[in-house]
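The values are calculated or read from the model by the stated rules, or taken from the named source; none is laboratory data. Predicted model, so just to flag it, every value in this text is computed and none were measured. Here the Cβ positions follow ideal geometry from the backbone for every residue, glycine too, while neighbour counts run over all protein chains shown. Only protein heavy atoms, including side chains, enter the accessible area calculation; ligands, DNA and RNA are left aside. Shrake-Rupley method; radii C 1.70, N 1.55, O 1.52, S 1.80 Å.
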Amino acid sequence: MFLRVVVVSVSLLTGAGLSQFPEFSQQYLQRLGGAVDALEQVVSDFDHSAAAVGLSRHKALDEMNGSPFLQRRQADLRRTILRYEELLNAYTALRSGGPFTRFYEIEHLQDPQILQGTWDDFQPALPLTFEGLFFALFGFGAGYGVMKTVAKLFRPGRRRNKPTAA
């Protein structure tokens, strides 16, 4: 009986936890969009400055030499541009679909800074959408299946003594 209570309890917790995915991924997407917008402004300003003197982005970066400050600034801008491109790709992949697509594209929900910021501000809520219900049921089923498997490992099947013919 105790084992059954543990299995159902863990299954309910797994279901409740996974039911939060649609809202968490939506908040992650909003934060990701804000980061893309901010970085786009920096990259756009640099591109306009380069274009004003007849240089491409890459040529302008290559010309940032001559002093330790310029070399540090060049490295900073290269990292900023690379981060912008990575976040833009993730945002594009995640923005095109809903929670089910975001679950399928979960590798794009892994930027440490954005993930931490989303987690810090996230407050669990009662999922009242179809997606929330689906993820709750999926989480319950997954938790139940895992816990039943674990329970079988620790509690071998009961053996019944068959009456012997006398």
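Exactly one residue among G54, G145, G141, G97 is on the phi > 0 side of the Ramachandran plot and either modelled with pLDDT of 85 or more or out of contact with any Leu (no Cβ under 9 Å at 6 or more places or on another chain) (or both), and that residue is G54.
So that you can scan it fast, the table gives a plain yes or no per residue for (1) modelled with pLDDT of 90 or more; (2) open to solvent by less than 50 Å² (accessible area, probe 1.4 Å):
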residue	(1), (2)
L3	no, no
V6	no, yes
S11	no, yes
L18	no, yes
E23	no, no
R31	yes, no
H48	yes, no
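Against the criterion of being over 20 Å from G34 (Cβ atoms), assigned by the TED database to the domain that holds R31 and loosely packed, with under 13 Cβ neighbours inside 10 Å, G54 qualifies.
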